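The values are calculated or read from the model by the stated rules, or taken from the named source; none is laboratory data. Since we're looking at a predicted model, the values are computed, not measured. Every residue, glycine as well, gets a Cβ built from its backbone with ideal geometry; the counts of neighbours run over all protein chains shown. Accessible surface areas use protein heavy atoms only, side chains included; no ligands, DNA or RNA. Shrake-Rupley method; radii C 1.70, N 1.55, O 1.52, S 1.80 Å.
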Amino acid sequence: MYSRVIGTGSALPSMALSNEGFAKQLAEVGVETSDEWIRSRTGIENRYFADASKGETTTSLATLAAQRAVEAAGVTASEIDLIIVATTTPDMVFPSVACRVQAALGAKGCAAFDVQAVCAGFIYALNAADAMLRAGPYRCAVVIGAEVMSRVLDMSDRSTCVLFGDGAGAVVLRSSSDPGILAARMYADGQYDDKVLGLTASLNHGRIEGDPFLRMDGRQVFRLAVEGLVNSAREVANLACVHTEDVALFVPHQANLRIMTMVANKLGIPDDRMVKTLAEHGNTSAASVPLALDRAVRAGMVKPGELVLLQGVGAGMAWGSALIRWA
């Protein structure tokens, strides 16, 4: 038994913010930057931020992305027996985002839980869903990556606040006798703690303790990301008995254009096969891979039978790859 992707969906908040507009907002709090500075270092031109006054939350974005994926898959709420949400920015400590999405979808009684692996979260969630569908008794899963990163950005820290955006993406998996997800692997190395990438805040007797904002050592993340992504891609390709050069659609984590390009070059994947939504969305953490995948699918960039490579890397450090034969 295998699992196959049978539908994709995505959602973005209403507030689009260009580099120029963001630079003006940052100047008001004493932070100097520009479109050229951001674009040349990251490849980002625009991002979307959730508007709380309009009810835009991690749950609302996850629900909308899931509804679109379910519609594309042609399944009903009663057929869904598993929902997994990858997020590092839930609306609350508990209940989980997945349980709230379940209620919104009307998929009463199915299993629902969250996964926290930051930017690698969707690959972790996809791997977990694939394993559960292969083992049974689950037969139809909704896997979502959803984030409102704008809530955890320090707008006085130019090195991080310009990088991230909000959004959600989702896929529907169905169990199948035909191979779909050919190989998926997850990795982590906990020695790279919050000094490399982290957000240390916690709740303690009604108080917030630690730093409530995301912090990152960009150079360390760059080095670790390239090494981990290249090695994990080669491993899943080897497990699936294919070559990375045969990948028709490469959907990397949308964090930094230089990282994405370097990994593609090392894997022998031509630039025109790589999905790039970074310029439009920024780094949406666990949402970036499914959001980019949905854009590619709806643009007709992948055909049945072709190989699709998905990758994510984030704090922990955690990373992983999944190789799919597209249905």
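Miscellaneous remarks
- Gln311 part of a loop (DSSP other than H, G, I, E, B), of a type outside the set (Val, Ile, Thr), open to solvent by less than 10 Å² (accessible area, probe 1.4 Å) and modelled with pLDDT of 95 or more: no
- Residue that is nearest to Leu310 (Cα to Cα) [pool: residues in the range 225-242 that are touching a residue at least 24 places away in the same chain (Cβ under 8 Å) and of a type outside the set (A, V, I, L, M)]: Ser232
- Checking each residue in the range 179-205 for being of a type in the set (A, V, I, L, M), open to solvent by less than 70 Å² (accessible area, probe 1.4 Å) and not in a loop (DSSP other than H, G, I, E, B) picks out Ile181, Leu182, Ala183, Ala184, Leu197.
- Residue that is least open to solvent (accessible area, probe 1.4 Å) [pool: residues in the range 206-223 that are of a type in the set (A, V, I, L, M, F, W, C) and part of a strand (DSSP E or B)]: Met216
- Restricting the range 263-308 to residues that are within 22 Å of Phe164 (Cβ to Cβ) and polar (S, T, N, Q), the residue that is surrounded by the fewest Cβ atoms within 10 Å (Cβ to Cβ): Thr277
- Arg158 being charged (D, E, K, R) and surrounded by fewer than 17 Cβ atoms within 10 Å (Cβ to Cβ): yes
- Looking across the range 254-309, just one residue is of a type in the set (Asp, Glu), more than 21 Å from Ala66 (Cβ to Cβ) and touching a residue at least 60 places away in the same chain (Cβ under 8 Å), and that is Glu280.
- The number of residues in the range 237-262 that are in a helix (DSSP H, G or I) and buried (at least 24 other Cβ atoms within 10 Å of the Cβ) comes to 1.
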